[in-house]
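Notes for the one structure printed next.
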Amino acid sequence: MTATLDRPAVTVGRHARVEAARTRPRRGRGLVVAVHLVSAAVVVAWSQLAFLGRSLRLDEAQSLWQTNHTYGRLLELIAQDVHVPLYHVVLRTWRLVLGDDIGTARVLSLVFLLASLPLFYLVARSVLTQRWALFALVVFSTSPFVLWYGNEARMYTMLLLVTLASQVAFLAVVRRGRTAAWVGWAATAVVGAYVHYFFFFVLLAQGLFLLAVSRRLPGRTVLKLTGVVVLVVAAFLPWFLYFRANGSASGTRPQLPTPSSVDFSNVYSQFLFGFQSDPVNTTLVSAWPLLVLGALLSVRVGSRLDRNGAYLLVAAFVPVLTAFVVSHLVTPFFLSRYMVPAAPALLVLVVAFLAGLGPRVSKVLAGALLAVTVAGTTVQATSSDNPVEEDYRAAAELAEQAGPRDLVVVSSPFTIYPFEYYYDGAARVSTLPVWNRQQSAPTYDAPELPAEAQSLTDGHQYVYLVLSYDQGYQDDVYQYFASRYEQTAAYAPSDGLQVLVFRVGYAEVVPLGSPPA
């Protein structure tokens, strides 16, 4: 699948409009766009369907567990969590109709991603010529970051879809200000608010931009903007009150670190290159100053972004920067997957940057960008060093070596969901801290660790300790067992996931496995 780049595109000011007027006759353009959209859909579908059978990941297990309940109980569980309910309601309905396995749940995310393709093209076309917009579509459909969430049973491709729909409507508001555009933008704003909390940062960026350009738009822009804000608040208020009544997720918030400037750079590195091993990612992040310098040197004197390009610049950076600031001032929640709404705008801006460099240079760099994107997707999908590839299937199979007199202990507690999805062993499974799953997940209490661990080990021969998703106390758990018991085996099914075997009693047979290093 390729997009021809025979003619350079200018993405700033009046030149963009002149160039757009030179494109081929309208009757041929529709066919070209349709062919590229179908080709992109085939590439995306093929790349995603090939990995539907990969191991269940932690967040996916949460989706399956939550949507196994009735709609009423589902809403209650989501209200006690850090998300909003629309995706989960849709997923439960999808599973009831088509099947309840993980592959079926992942296909729903693929459907959202496929529906995003034409919307992405429309956003790209607002600042690029047809040929460069089609090239941007190729980059988007092979993006490692986008494709990673295309087969994950979570709400991120739904968030991507509603963000792109919102941007299409918003750009129409900025361009013409017609009533239909305002209605479309208001509708996507309400839907997006029920898909993910981060969407409010998208709306904030749009509102600020609209205020900044309101003087150049038709009258009553500020009044209409106020009406959209009131509508979103009124529509979201019932859920907010229900959320507050259920404890405001006080017992289920993950313990995330306060983000650093490196974390901020990592977000944009992942947007372009996906999830790579730590050494590769360090190299990519360290190259950002050179890329910024190159961008500054390449800017043409006197050029300026048009209104659409200026909005995409805001859409790519303001929501992420706002989330970064809020994570410092209120509570840390800075995760790249939450920032997925900013990824399409960044990809369009990168292509726009290349398009403005001149015919020969732009073609060479466009080819390099596509090669890096495809390589990043390939390495991300096949590398055993992928930092976000959680192989709970392998961990469960290793723990199935445990016998009836042994115990499997999982820490952190909520990682028991993906583990139990695969586990079919003879040993009982518990968590540390100990979790009564009729209640919210327990918080770690260091003074209680010895008593809880002792209560688990009493009467058992071996403990298979499964460590993943460090919540700040994983080393305490490991040190407790390592300092008191003999470690007889150690496994690392994937990066950050360990299965450690400790002799806590007496047995005639030692479990097979490699000795600890």
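Just so it is clear, none of the values below were taken in a lab; they were calculated from the coordinates. In this text the structure is predicted, and so the values were computed from the model without any measurement. Heads up, the Cβs are rebuilt from the backbone with ideal geometry, glycines too, and the neighbour counts pull from every protein chain shown.
Can you compute the equivalent ellipsoid semi-axes for the range 47-163, i.e. the square root of 5 times each eigenvalue of the Cα gyration tensor, sorted largest first and rounded to whole Å?
30, 16, 11
Kindly give Rg over Rh for the range 392-503, based on alpha-carbon atoms, with the Kirkwood expression for the hydrodynamic radius.
0.91
Percent antiparallel among DSSP beta bridges with both residues in the range 392-503, to the nearest 5?
Expressed as a percentage, antiparallel bridges in the range 392-503 total about 55.
Please arrange Asp100, Asp59, Asp391 by counting, for each residue, the other beta carbons lying within 10 Å of its beta carbon, fewest first.
Asp100, Asp59, Asp391
Mind putting a number on the dipole of the range 392-503 about its Cα centre? Charges go on the C-beta only, +1 for Lys and Arg and -1 for Asp and Glu, and I need it in Debye to the nearest 20.
220
Which of the peptides 344-354, 69-79 is most tightly packed, and how do the rest follow, judged by the mean count of other Cβ atoms within 10 Å per residue?
So the peptides 344-354, 69-79, ranked by packing, come out 344-354, 69-79.
Fewest Cβ neighbours within 10 Å first, please rank Glu390, Glu486, Glu400 accordingly.
Glu486, Glu400, Glu390
Between the DSSP loop rule and a limit of at most 13 other Cβ atoms within 10 Å, which trypsin sites (Lys or Arg not before Pro) in the range 161-220 are left?
Answer in residue order: Arg176, Arg178, Arg220.
Given C-alpha coordinates of the range 358-450, what is the ratio Rg to Rh with the Kirkwood estimate of Rh?
Rg divided by Rh gives 1.29.
Take the alpha-carbon centre of the range 185-224, take the same for the range 390-417, and report the distance between them in whole Å.
If you average the Cα positions of each part, the centres end up 47 Å apart.
Rounded, prolate or oblate: which fits the range 138-214, taking a ≥ b ≥ c as square roots of the Cα gyration tensor eigenvalues, rounded meaning a/c under 1.5, else prolate when a/b beats b/c?
prolate
For the residues Arg405, Arg57, what sequence is obtained by ranking on other C-beta atoms within 10 Å, fewest first?
By the 10 Å Cβ count, ascending, the order reads Arg405, Arg57.
Taking amide hydrogens as modeled 1.01 Å from N in the peptide plane, which residues meet the under 5 Å criterion relative to Thr431, leaving out close sequence neighbours?
Val410
If all Cα-Cα distances of the range 13-382 are sorted into 20 Å bins from 0 onward, what percent lands in each bin, rounded to whole numbers?
Reading the bins upward from 0: 27, 61, 12, 0.
Within 10 Å, count the other beta carbons around each residue, average over each peptide in 445-456, 196-207, and list them highest first.
Most protected by this proxy first, the peptides run 196-207, 445-456.
Please report the equivalent ellipsoid semi-axes of the range 396-443, computed as sqrt(5 x eigenvalue) of the Cα gyration tensor, largest first, in whole Å.
20, 11, 8
Near the amide H of Gly274, under 5 Å away, which other amide H atoms are found, from residues 5 or more places off or on another chain, if H is placed in the peptide plane?
Phe145
If you wrap a convex hull around the Cα atoms of the range 443-483, how much volume per residue is inside, in Å³?
Normalising the Cα hull of the range 443-483 by residue number yields 77 Å³.
Projecting each Cα onto the charge dipole of the range 358-429 (Lys/Arg +1, Asp/Glu -1 at the beta carbon, about the Cα centre), which of Val361, Ala399, Val409 comes out farthest on the positive side?
Result: Val361, furthest along the dipole toward the positive end.
Amide H to amide H under 5 Å from Tyr197: which residues, 5+ apart in sequence or cross-chain, H placed 1.01 Å off N in plane?
When sequence neighbours closer than 5 places are left aside, the close amide H contacts are Val84.
Dipole size in debye (nearest 20) for the range 370-435 around its Cα centre, Lys and Arg Cβ +1, Asp and Glu Cβ -1?
160
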